[in-house]
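The values are calculated or read from the model by the stated rules, or taken from the named source; none is laboratory data. Everything quoted here is computed from the prediction, not taken from an experiment. Every residue, glycine as well, gets a Cβ built from its backbone with ideal geometry; the counts of neighbours run over all protein chains shown. These area figures cover heavy atoms from the full protein model, side chains too; ligands, DNA and RNA do not enter into them. Shrake-Rupley method; radii C 1.70, N 1.55, O 1.52, S 1.80 Å.
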Amino acid sequence: MQGPVHPHVRIFAAWIRKWGKLQLALFCQLVLLILAALFSICLELVLHNQIDFTLLNGALLFTLALGPVFISFIFYLVLHLDAALSYLIDSAHQERLLNEGMQDNIRQLNFEIEERKKAFQAKRRAIDELRKEIAERKKAQIELEEQSLLIRSIVDSSPDLFYYRDETGRFASCNKMFEAIMGKTARELIGHYPAEIYTDDSAQAAILTEHDSNMQQPSELTLDVEFVKDDGQVLWFEMRKVPFYDRYGRYIGLLGFGRDITSRKLAEQALEKAYLDKGKFIATLSHELRTPLNGIVGLSRRLLESKLSKQQHGWANTIFSSAETLGNIFNDIIDLDKIDRQDLDIVYHSVSLRQFINDIANFAELLCQQKGLEFKLSCEGELDVYLRIDPTRLRQVLWNLLNNAVKFTASGSVSLYCKLDAVNNRLHFNIEDTGIGIAAQEQERIFDMYYKSNDGRRLSIIGSGIGLSVSRALVEAMQGNISVSSEVGKGSSFAVLLPTELLQQEQQPAISCPELTILLIEDVPLNAEIAIGLLEQRGHSVIHAETGEDAIALLETEDDIDLVLLDMQLPDMGGEQIARYIRDEEHLSALPIVVLSANVRKAEQQLDGVHVDGALAKPINTTKLDLMLARLFSPSAVRLQQIKPASVSNENQVLDIGTLNDYIQSLGKDAMKRSAQLFAQLLPGYMNKLMETAVQRQEKDFQEAAHKLKGAAASVGLLWVQQQAKRMEQEQINWQGLERQLVDFHLKTEQHLAALSEYIENA
């Protein structure tokens with residue numbers, strides 16, 4: 001019922017407020033009177049079928065009396081109901097809003113609860129991950145500690161010493177070996193500068209190659225360091241220091257490593273001593289053998305100048321060529337490292353092919369006659385030509401092969417076949433024999449050094465000591481090829497193929513030399529006799545001195561001496577002492593000096609810093625002697641001893657162009673390339689020695705190392721390097737910053753070496 005009443009009450013209350021209580025009360029009173037009259041009338045008509053006005057008036061009066069009360073009650077009730085309904089409606093609306101807010105809050109709360117649940121779950125997962133990561137980090141930390149402990153144990157147990165210095169130069173770490181060598185514990189070392197613990201002259205300072213409080217930023221360096229223990233024992237360490245930088249290029253520290261190389265160093269020193277002893281022995285032996293050899297060369301040369309038959313002249317010429325070649329072999333024996341490095345000098349000349357083959361044939365025929373063998377010579381192609389070959393080296397190869405052929409042939413014949421292919425500029429030689437032959441499995445190794453066949457019948461080292469291995473090296477140095485074909489019991493055939501070219505006959509220059517008074521300083525009588533004979537034959541007067549004292553006495557008393565021929569090995573003094581004496585005396589300083597030596601290179605090294613006018617190898621070659629005299633004294637010859645231009649001393653000049661051109665013309669490009677390569681191999685050793693002695697401030701050893709580098713640089717025409725090494729040798733040494741200067745010097749030397757290689761290649 002509340003539902004239908006509710007809108008009528010609200011409407012009626014609205015009328016009351018709209019019309020007012022009085023107006024609406026009057027209207028309602030009127031309506032009540034009308035309704036009362038109508039109700040009375042209808043009731044009378046129904047009941048009595050007539051109208052009773054008394055009853056009607058009574059009803060109207062009753063209505064009029066009770067109407068206001070009823071209307072007032074209705075108005076009061078309606079208004080209060082309306083107010084109650086409004087309150088109820090407002091309350092319901094507020095309740096609805098509150099319920100909606102509560103529902104929104106509940107939904108938000110539920111959302112937050114879900115989010116918190118998710119966050120809680122994520123937090124739990126993060127905590128689990130964190131716990132897992134912590135566990136892994138703990139495990140990794142334990143493993144790292146174990147690895148660090150293991151590495152530390154390995155480092156401490158290592159026989160190599162190790163240390164680390166931070167960017168300030170203080171010790172930061174080291175191992176047990178370093179402690180033992182330095183005589184201090186790690187606790188005493190770490191946190192200190194080397195200068196705080198050791199003096200510059202202490203034995204330990206040698207280990208610290210960068211031991212300098214004012215040192216520049218260090219660079220990577222490796223060198224050998226000598227360490228003397230307190231008991232006098234000498235140890236050698238290969239020290240290597242490696243600087244560390246961060247990603248910004250900032251220096252952050254330096255690692256030092258040292259390996260004990262005492263055994264290796266002692267072995268190297270023993271090997272070097274053995275090489276020196278061997279060299280002295282070979283040089284002494286060669287010098288002694290040259291005495292009879294000079295007699296053979298000199299007497300055979302004089303024999304050739306006498307009247308002989310054609311056959312006798314050929315024999316004498318073969319003797320002379322054999323002795324001359326043997327003298328060249330002695331030069332190779334003196335400088336054995338040539339063969340070790342396969343650095344054999346090839347010097348080409350214009351040679352008569354017919355004369356060359358006749359010399360070889362005479363030699364082979366004599367060999368065959370001694371064993372009763374038949375010698376056969378056959379040639380193909382034009383022989384009356386001049387070829388560009390190295391006669392000495394080619395003669396060595398062919399004589400070796402012929403010696404082998406005769407040695408291993410008991411009966412039968414030995415054949416020499418020569419063919420000149422003028423179209424392709426190739427020269428062929430074949431040496432065949434009917435000897436024991438070579439097994440097929442050994443033919444590939446027959447050219448190996450010191451190879452010996454299983455049956456012992458054939459050796460690769462033969463009579464002259466050159467051997468098949470060196471023969472192959474000689475042929476390959478001449479850009480040729482050597483091969484062998486053989487059958488056991490039927491003989492062997494060695495084939496030599498060389499490139500060559502046709503040349504015009506060498507025209508000997510017209511030599512016009514005035515008569516000279518020559519002082520010959522030579523202690524071997526036979527050598528002196530031959531040299532005197534050669535010089536007197538050319539119209540010169542010779543004064544002979546056997547000792548250095550005699551020579552100096554003659555130089556002081558004789559005023560008309562034009563030339564000094566100086567032997568480098570004398571019984572009382574060295575040839576360099578006499579040369580220095582001549583240059584130091586004012587009245588003798590312009591006197592020409594020509595050195596006589598079996599080893600010209602060694603003589604030049606001994607005379608370093610002393611000006612000489614030339615050098616002749618022993619036994620004396622007459623052609624070279626004539627050219628030397630003409631160069632020095634012939635009015636028609638152009639003197640080569642000119643004053644050096646000022647540009648030679650210019651420090652900016654990298655190469656000694658004149659010397660290089662002379663060497664290239666004399667020795668050939670290949671020999672100069674090998675010399676440059678050898679210098680490149682030796683350079684690290686020279687620089688290492690310079691750096692080592694500079695670090696240890698050993699002045700004498702430093703100057704000696706600079707002297708060696710100077711000589712090596714001069715031999716390959718590195719003028720600037722030679723000048724700088726000379727300064728290091730002679731000038732006062734400033735140790736401060738010298739290490740850095742040596743590093744820069746090393747880099748520049750390598751650049752100049754590259755320029756040298758390029759110059760030789762383009763020459």
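For each pair in Lys229/Lys689; Lys241/Lys669; Lys176/Lys708; Lys265/Lys710, compute the distance between the two Cα atoms and list the pairs where it is over 28 Å.
Beyond 28 Å: Lys241/Lys669; Lys176/Lys708.
Quick check: residue separation of Glu536 and Leu588 times 0.36 nm, minus the Cα distance between them. What number comes out in nm?
Extending this stretch completely gives an extra 16.3 nm.
For the range 687-763, what is the accessible area per residue in Å², given a 1.4 Å probe and the full set of protein chains?
Averaged over the residues of the range 687-763, the accessible area is 50 Å².
Bin width 5 Å, alpha-carbon pairs only: give the P(r) of the range 115-256 as whole percents, running from 0 to the bin holding the largest distance.
It works out to 2, 8, 14, 17, 15, 10, 7, 5, 5, 4, 4, 3, 2, 2, 1, 0, 0, in whole percents.
Please give the solvent-accessible surface of Ser309 in Å², to the nearest 10, using a probe radius of 1.4 Å with every protein chain present.
50 Å²
With the cut-off at 29 Å, tell me which of the pairs Lys624/Lys726; Lys673/Lys726; Lys624/Lys700 have Cα atoms farther apart than that.
Lys624/Lys726; Lys624/Lys700
Cα centroids of the range 716-743 and the range 123-199: how far apart, whole angstrom?
Answer, in whole Å: 41.
What is the distance in Å between the Cα centroid of the range 524-544 and that of the range 223-254?
Spelled out, the Cα-based centre of one part sits 61 Å from the other.
Enumerate the lysines that Lys117 could reach by cross-link, defined here as Cα to Cα under 28 Å, with residues fewer than 8 away along the same chain left out.
Lys132
Can you return the lysines within cross-link range of Lys490? Criterion is Cα-Cα under 27 Å, with same-chain partners fewer than 8 residues away left out.
Lys371, Lys376, Lys407, Lys419, Lys452
Using the 2.2 N^0.38 Å rule of thumb for compact globular proteins, work out how the range 1-144 stacks up: its C-alpha Rg over that value, please.
Normalised Rg, Cα atoms only: 2.58.
So what J values fall out for the range 138-151 if you push phi through Karplus, 6.51 cos²θ - 1.76 cosθ + 1.60 with θ = phi - 60°, rounded to Hz, Gly and Pro as x?
Residue by residue, the range 138-151 yields 4, 5, 5, 5, 5, 4, 5, 4, 5, 5, 4, 5, 5, 4 Hz.
Can you tally the net charge around Thr222? Count Lys and Arg as +1, Asp and Glu as -1, for every other residue whose Cβ sits under 12 Å from the Cβ of Thr222.
Taking every other residue near Thr222 into account, the sum is -1.
Summarise the long-distance tail of P(r) for the range 376-454 by giving the % of C-alpha pairs beyond 22 Å.
Considering the range 376-454, 37 percent of its Cα-Cα pairs are separated by more than 22 Å.
Starting from the Cα of Ala14, step 7 Å along the direction of its Cβ; do the same at Arg131; then give the gap between the two resulting points in nm.
Label-label distance for Ala14 and Arg131, simple model: 7.0 nm.
Could you check how much of the accessible area of the range 52-152 is carbon and sulfur, as a whole percent, using a 1.4 Å probe?
64 percent
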